[in-house]
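Asks: Take this structure first; my questions come after.
The values are calculated or read from the model by the stated rules, or taken from the named source; none is laboratory data. These figures come from a predicted structure and were not determined experimentally. A quick note on method: Cβ atoms are made from the backbone with ideal geometry, for glycine too, and the neighbour counts reach across all protein chains shown.
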Amino acid sequence: MGSQGGFYQSKEFLDLVKSIGEARSKAEEDRIVLSEIETLKRRISEPDTPKRKMKEYIIRLVYVEMLGHDASFGYIHAVKMTHDDTLLVKRTGYLAVTLFLNEDHDLIILIVNTIQKDLKSDNYLVVCVALNAVCKLINEETIPAVLPQIVELLAHPKEAVRKKAIMALYRFYQKSPSSVSHLVSNFRKRLCDNDPGVMGATLCPLFDLITNDVNSYKDLVISFVSILKQVAERRLPKAYDYHQMPAPFIQIKLLKILALLGSGDKQASENMYTVVGDIFRKCDSSSNIGNAVLYECICCVSSIYPNPKLLESAADAISRFLKSDSHNLKYMGIDALGRLIKISPEIAEQHQLAVIDCLEDPDDTLKRKTFELLYKMTKSTNVEVIVDRMIDYMISINDNHYKTEIASRCVELAEQFAPSNQWFIQTMNKVFEHAGDLVNIKVAHNLMRLIAEGFGEDDNTADSQLRSSAVESYLYILGEPKLPSVFLQVICWVLGEYGTADGKYSASYITGKLCDVAEAYSNDETVKAYAVTALMKIYAFEIAAGRMVDMLPECHSLMEEFLASHSTDLQQRAYELQAVIGLDAHAVESIMPSDASCEDIEVDKALSFLNGYIQESIEKGAQPYIPESERSGMLNISNFRNQDHHEASSHGLRFEAYELPKQTVQARIPPASLASTELVPVPEPVYPRESYQTTTVPSVSSDAASTELKLRLDGVQKKWGRQTHFPSTSTSNSTSQKTVNGITQVDGSNTANSRTRETYDSRKQVEISPEKQKLAASLFGGPSKTEKKSATGHKSSKPSSHMVKSHAPKSSMEVASEKTSPVQQPPDLLDFGEPTVKSTAPSLDPFKDLEGLLEPTTQVSSAVNHSSTAAVTKSPDIMGLYTETPAGAHHKDSDILSGLSNSPMTNMVGGTTTMQVAQSSKSPNLKDSLEKDALVRQMGVTPSSQNPNLFKDLLG
Amino acid sequence: MIKAVMVMNTQGKPRLAKFFDYLPVEKQQELIRRVFGVLCSRPENVSNFIEAELVRLQDSRLVYNHFATLYFVVVFDSSENELAMLDLIQLLGQQTLERCFKNVCELDIVFNYSKIHTILDEIILGGQVLETRSTEIMRAVEEISKLEAATNAISFIPKSASSWLSR
């Protein structure tokens, strides 16, 4: 070594490398390196170190840093070396700084000047070295310092310099596109450079530019095609051949660029067909690089506008790849197949066997790639095979990261394509058993919900069969040692809910099992909590059924333990259990009804049952509650006025209505703003806010509204600084209703606005919707390319056939399945729920105003209003009911709707009124749909099992 | 673009590491360790690709090849072709280094650190493959070597490192 160039190295360095190579342990190596660092530190700072010595020290430093040790003390010396006049020392200096420093390092500023000087050097080698450093070290701020020289160098006589200058410019573009945006045309110019190397270099920046903005480069398609043609026809100098392939790297880059330019562009693609076909034929499939080009051709073909002949060639190439003995080629084949099946799904069939072979392969990379392909290929006909395979593989691997991913994919596929409930539950069991701690807790919740709700069929026996099979499988699985916590939670819940439902197992058997679980996993409090609750349910069902409850001794001891538990949650549950056992059958039945997990729990979020208490307190002189949002905001009043103006001018109909409130607002402003300066900040933002609210809400102008407004403001005025709109609550029952409505609207003022706009646009929307439906139909029913989508479409269409159900969750399932459809707007909702409601909403407003004093109608109208917001708001998660507070608008939705839920009569009224008003309604059974709509929202269930987006967070 | 080129021996000791996107030294070390961990668990006669997830990299792919006692690893993103990268290793490892050092061995790389960096700089610039003609690469290297020879009269190194430190 060293023989060729005589790169100077000393004996010391040799010894260092040797001793490190012979080091027996990491500790020994570290010791050697640390002593080396000490030596270097001393030597390097000695004055008058000869240059060549210095050069060696720096190289040794680089080596030390590569081994993972800190060499920062030498950075400054490397920087100094770049200033040197001799090329060799300079080179070493530049090499070291490019390895040591990043573009934001403080020392860079010391190098910029040198780089500037070197870029002007006569010696092209110096320029090249400086350009190397430019690529690595110049950051956004220093770009302007060297940019002029780089541009000059683009026309340098030496091709090596031009090439590097282009790369430098490209790096600038990557770091800060705006800094070189005016120079981008240089890349186009250099594409015509007479040196193929320089031309090849420009392809890199052009590829990036085209990725970002395809359309401005469509004109280059012809040029790229002709360049590719020339390259493929071996018009380039022989030196560019590589393994008998003409300039393969250039070909690959060009094919990548063509793939971008031809994507979805028939005209551009047609220009490419001939040359791509030529390359398919000419490619030498015996060499590695030949296959690289072939693979790139396949990628190109699968990206551009499809051409049957080329697709055929691509399919041929893929089958050659897959049949090859080389794992690399198989890997590429699988990857290419994944691309091509997007266009022609049928080719996957020919290669089934080859794909299965790859699954058996010892190569892990290949296996994973194949699973990725299978994941893309899954449809309802092959889901069982694929998921089974995936689970087997999941069990076999140790890498938790990948295990998580594959588990979530299994769950996703199972949820999407499950052929039967039985299979689904079994699959989920397997996933939980082997990767339970890795899957998202939501998956478990979904499973529980699925078992509770069934599959949405009307067939109750099927559902109960599903449950008993689940119970049976769980009792069996409990025999296994060491189950994941999440899975145990599911098991406990299902056993508690359905363990005794079919009468096959006695309560004491199930409770015994549950106690076993709680004991065996005594360090898992969540599981214990689930187990206690399950016990409580079992006992409650027993009591309700009139049977004697006989607590097992182990259960007793468990309870004693929990009653004294450090966990307050466990304690609470244990006390609850104790209390439940002491109650009589009737009471138990009402607090723990059997099979009621799907029933709605009414939560009165407005806490209306406290109204009496509040009133009492206020009468006694207590301060009323002011919502937080209205407490601190020193809202700009003129802003509100502006908004009022805006509102008024944009909607001619409301113009009159706004006159009054505006005046009142103005009248009130001076005191209000005055007060604000007098440090009474709390209440007055309420006035503008309120006046604003009242102006927007009773949108269709009515005298009643404005008089009411006046009245109320007066009331407020009297109770200066204290009262908000709440005092009016105390006047009478009916008005309180009204104010509640008003508040609702204010809180959701955004939605209110958007709603009004929506009503105005309603006609337009109705016009659009057929178009959307068409799109949906083409995505679902048409000769769609992806099975997955069509399969979900099929699924979603199925449950919609039976529309009204007494069982709320089922309709929620519908919504969920609809949500999966690729079109954002669920087609079913479009069909009956939404448009009709939209069109009725504005016309219903007068009803509201006229009959505002009648309680039930107010409810109806508000309900309708809310259903109109349905398009905008999403219903909250069922679990979210417990954990998170849904924000803003749906908050109120659920309030009022829950108030409504138990009065089918009002619902009926609502339905009929809408029928009368909405004559242009499309759906025949509008009433049903409305009811269903309300039910769905009332349930507040989000997209459940069928939603593919659910696992986004899992997949990362 | 190509993100990094790494050379390590079969014991996992890094012999060369060039990162085209800046990574702090600790991160570099971590990556090298992870890559080696994956490499040494791979059986013989399998593909030359590694899933980037295994080494906790985002949006990356890895290709490696094995020459004598050395692993050559290239890390790159989706805008490069895997097979082409494999050929790049071939180009670097077999053709160019063989030409430079006749019979390339581990120590050649350590001792000719700066030379190898020069070669790499010729082939890859700013993360893009710029030159694949090995004659051209050699010419550039020799030009620099000539300069070196002119400034350094003496070489302290024995003719062949591999002769006295065979591995």
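Asks: Condition check: within 19 Å of B:Asn9 (Cβ to Cβ), more than 7 Å from chain A (Cβ to nearest Cβ) and surrounded by 21 or more Cβ atoms within 10 Å (Cβ to Cβ). Does B:Val38 satisfy that? Working first, answer last.
Replies: Details: within 19 Å of B:Asn9 (Cβ to Cβ): yes; more than 7 Å from chain A (Cβ to nearest Cβ): yes; surrounded by 21 or more Cβ atoms within 10 Å (Cβ to Cβ): no.
So B:Val38 does not fit the description; no.
Asks: Mind listing whichever residues of segment A:330-341 are surrounded by fewer than 22 Cβ atoms within 10 Å (Cβ to Cβ) and within 11 Å of another protein chain (Cβ to nearest Cβ)?
Replies: A:Asp335, the sole residue that qualifies.
Asks: Looking at segment A:271-291, is at least one residue closer than 26 Å to A:Ala354 by Cα, small (Gly, Ala, Ser) and under 36 Å from the mean Cα position of the chain (by Cα)?
Replies: Looking through segment A:271-291, none of the residues is closer than 26 Å to A:Ala354 by Cα, small (Gly, Ala, Ser) and under 36 Å from the mean Cα position of the chain (by Cα).
Asks: Turning to a different aspect of this structure: Give the residue, chosen from B:Lys18, B:Lys13, that is free of Cβ contacts under 8 Å to residues at least 60 places away in the same chain and within 18 Å of A:Leu61 (Cα to Cα).
Replies: Only one candidate passes the filter, namely B:Lys13.
Asks: Evaluate the following for A:Asp325: is it outside any helix (DSSP H, G or I), touching a Gly at 6+ places or on another chain (Cβ under 9 Å) and free of Cβ contacts under 8 Å to residues at least 60 places away in the same chain? Working first, answer last.
Replies: Numbers: outside any helix (DSSP H, G or I): yes; touching a Gly at 6+ places or on another chain (Cβ under 9 Å): no; free of Cβ contacts under 8 Å to residues at least 60 places away in the same chain: yes.
So A:Asp325 does not fit the description; no.
Asks: Next up: Would you confirm, using the coordinates I've provided, whether A:Asp208 is assigned to a helix (DSSP H, G or I) and closer than 23 Å to A:Ala133 by Cβ? Outline the logic, then answer.
Replies: On the way: assigned to a helix (DSSP H, G or I): yes; closer than 23 Å to A:Ala133 by Cβ: yes.
Yes.
Asks: Restricting the search to segment A:94-121, which residues are within 11 Å of another protein chain (Cβ to nearest Cβ) and part of a helix (DSSP H, G or I)? I'd like the intermediate steps shown before the answer.
Replies: We begin by selecting, within segment A:94-121, every residue within 11 Å of another protein chain (Cβ to nearest Cβ); these are A:94-96, A:98-105.
The answer is A:Tyr94, A:Leu95, A:Ala96, A:Thr98, A:Leu99, A:Phe100.
Asks: Before we move on, is A:Ala435 under 20 Å from the mean Cα position of the chain (by Cα), among the hydrophobic types (A, V, I, L, M, F, W, C) and buried (at least 20 other Cβ atoms within 10 Å of the Cβ)? Working first, answer last.
Replies: Details: under 20 Å from the mean Cα position of the chain (by Cα): no; among the hydrophobic types (A, V, I, L, M, F, W, C): yes; buried (at least 20 other Cβ atoms within 10 Å of the Cβ): yes.
In short, no.
Asks: With the structure loaded, tell me whether B:Leu107 is touching a residue at least 24 places away in the same chain (Cβ under 8 Å) and either farther than 30 Å from A:Ile210 by Cβ or part of a strand (DSSP E or B) (or both) or whether it fails that test. If you could, list the steps in order and put the result at the bottom.
Replies: Working: touching a residue at least 24 places away in the same chain (Cβ under 8 Å): yes; either farther than 30 Å from A:Ile210 by Cβ or part of a strand (DSSP E or B) (or both): yes.
Yes.
Asks: Ok, one more. Do any residues in segment B:112-141 that are under 21 Å from A:Tyr63 (Cα atoms) have Cβ atoms under 6 Å from those of residues that are of a type in the set (Gly, Ala, Ser), where the two are at least six apart or on different chains, and which pairs are they?
Replies: B:Glu122/B:Ala140
Asks: Out of the residues in segment B:3-51 that are over 26 Å from A:Thr370 (Cβ atoms) and aromatic (Phe, Trp, Tyr), state the one that is farthest from the chain's Cα centre (by Cα).
Replies: B:Tyr22
Asks: While we're looking at this one, here's another question. Select, from A:Gln251, A:Gln267, the only residue that is within 14 Å of chain B (Cβ to nearest Cβ), closer than 22 Å to A:Leu206 by Cβ and polar (S, T, N, Q). Before you say what the answer is, go through the steps one by one.
Replies: Working: A:Gln267 fails: within 14 Å of chain B (Cβ to nearest Cβ).
Answer to the selection: A:Gln251.
Asks: Looking only at segment A:372-386, how many residues end up being under 16 Å from A:Cys358 (Cα atoms) and not aromatic (Phe, Trp, Tyr)? If you could, list the steps in order and put the result at the bottom.
Replies: Our first condition is that a residue be under 16 Å from A:Cys358 (Cα atoms); within segment A:372-386, this holds for A:372-377, A:385-386.
Adding the requirement that they be not aromatic (Phe, Trp, Tyr) leaves A:372-374, A:376-377, A:385-386.
Within segment A:372-386, residues that are under 16 Å from A:Cys358 (Cα atoms) and not aromatic (Phe, Trp, Tyr) number 7.
Residue by residue, here is whether (1) buried (at least 19 other Cβ atoms within 10 Å of the Cβ); (2) assigned to a helix (DSSP H, G or I) holds:
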{"position": "B:Gly12", "(1), (2)": "no, no"}
{"position": "B:Glu26", "(1), (2)": "no, yes"}
{"position": "B:Glu30", "(1), (2)": "no, yes"}
{"position": "B:Arg34", "(1), (2)": "no, yes"}
{"position": "B:Gln58", "(1), (2)": "no, no"}
{"position": "B:Leu62", "(1), (2)": "yes, no"}
{"position": "B:Val75", "(1), (2)": "yes, no"}
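Asks: Would you check if A:Ala239 is surrounded by fewer than 23 Cβ atoms within 10 Å (Cβ to Cβ), within 13 Å of chain B (Cβ to nearest Cβ) and farther than 30 Å from A:Leu137 by Cβ?
Replies: Values: surrounded by fewer than 23 Cβ atoms within 10 Å (Cβ to Cβ): yes; within 13 Å of chain B (Cβ to nearest Cβ): yes; farther than 30 Å from A:Leu137 by Cβ: yes.
Criteria met by A:Ala239.
Asks: Just a yes or no: is a residue in segment B:81-93 at the interface with another protein chain (Cβ under 8 Å from one of its Cβ atoms), of a type outside the set (A, V, I, L, M, F, W, C), touching a residue at least 24 places away in the same chain (Cβ under 8 Å) and assigned to a strand (DSSP E or B)?
Replies: To start, the set of residues in segment B:81-93 that are at the interface with another protein chain (Cβ under 8 Å from one of its Cβ atoms) comprises B:81-84, B:86-87, B:90-91.
Applying the additional criterion that residues be of a type outside the set (A, V, I, L, M, F, W, C) yields B:81-82, B:87, B:90.
Subset that is touching a residue at least 24 places away in the same chain (Cβ under 8 Å): B:82, B:90.
Still in the running and assigned to a strand (DSSP E or B): none.
Within segment B:81-93 (the criterion being at the interface with another protein chain (Cβ under 8 Å from one of its Cβ atoms), of a type outside the set (A, V, I, L, M, F, W, C), touching a residue at least 24 places away in the same chain (Cβ under 8 Å) and assigned to a strand (DSSP E or B)), the answer is no, since none of the residues qualifies.
Asks: Would it be correct to say that A:Asp335 is closer than 25 Å to B:Asn48 by Cα, in a loop (DSSP other than H, G, I, E, B) and among the acidic types (Asp, Glu)? Show your work before the answer.
Replies: Numbers: closer than 25 Å to B:Asn48 by Cα: yes; in a loop (DSSP other than H, G, I, E, B): no; among the acidic types (Asp, Glu): yes.
Taking the combined requirement at face value, the residue does not satisfy it.
Asks: Please give the number of the condition A:Arg91 fails out of (1) modelled with pLDDT of 90 or more; (2) surrounded by 18 or more Cβ atoms within 10 Å (Cβ to Cβ); (3) more than 25 Å from A:Arg31 (Cβ to Cβ).
Replies: Result: A:Arg91 fails condition (1) only.
Asks: Further question: Given the criteria at pLDDT below 80 and among the acidic types (Asp, Glu), does B:Asp87 qualify? Please lay out each step first, then the result.
Replies: Details: at pLDDT below 80: no; among the acidic types (Asp, Glu): yes.
Spelling it out, it is not the case that B:Asp87 is at pLDDT below 80 and among the acidic types (Asp, Glu).
Asks: Now a separate question. Consider segment A:9-44. How many of its residues are more than 11 Å from chain B (Cβ to nearest Cβ) and aliphatic (A, V, I, L, M)?
Replies: Counting residues in segment A:9-44 that are more than 11 Å from chain B (Cβ to nearest Cβ) and aliphatic (A, V, I, L, M) gives 7.
Asks: Which condition number in (1) outside any helix (DSSP H, G or I); (2) modelled with pLDDT of 80 or more; (3) of a type outside the set (Asp, Glu) is the one that B:Thr135 fails?
Replies: With (1) outside any helix (DSSP H, G or I); (2) modelled with pLDDT of 80 or more; (3) of a type outside the set (Asp, Glu) applied to B:Thr135, the lone miss is (1).
Asks: Give just the number: which of (1) surrounded by fewer than 21 Cβ atoms within 10 Å (Cβ to Cβ); (2) more than 14 Å from every other protein chain (Cβ to nearest Cβ); (3) within 33 Å of the chain's Cα centre (by Cα) does A:Asn212 not satisfy?
Replies: For A:Asn212, the exception is condition (2).
Asks: Residue under question is A:Glu453, and the condition is that it be farther than 30 Å from A:Ile397 by Cβ, in contact with a Pro (Cβ under 9 Å, 6 or more places away or on another chain) and touching a residue at least 12 places away in the same chain (Cβ under 8 Å); does it hold?
Replies: On the way: farther than 30 Å from A:Ile397 by Cβ: yes; in contact with a Pro (Cβ under 9 Å, 6 or more places away or on another chain): yes; touching a residue at least 12 places away in the same chain (Cβ under 8 Å): yes.
It is true that A:Glu453 is farther than 30 Å from A:Ile397 by Cβ, in contact with a Pro (Cβ under 9 Å, 6 or more places away or on another chain) and touching a residue at least 12 places away in the same chain (Cβ under 8 Å).
Here's the yes/no breakdown for (1) under 15 Å from A:Arg60 (Cα atoms); (2) at pLDDT 85 or above; (3) touching a Lys or Arg at 6+ places or on another chain (Cβ under 6 Å):
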{"position": "A:Gly5", "(1), (2), (3)": "no, no, no"}
{"position": "A:Gln9", "(1), (2), (3)": "yes, no, no"}
{"position": "A:Glu12", "(1), (2), (3)": "yes, no, no"}
{"position": "A:Val17", "(1), (2), (3)": "yes, no, no"}
{"position": "A:Ile20", "(1), (2), (3)": "yes, no, no"}
{"position": "A:Ile37", "(1), (2), (3)": "yes, yes, no"}
{"position": "A:Arg42", "(1), (2), (3)": "yes, yes, no"}
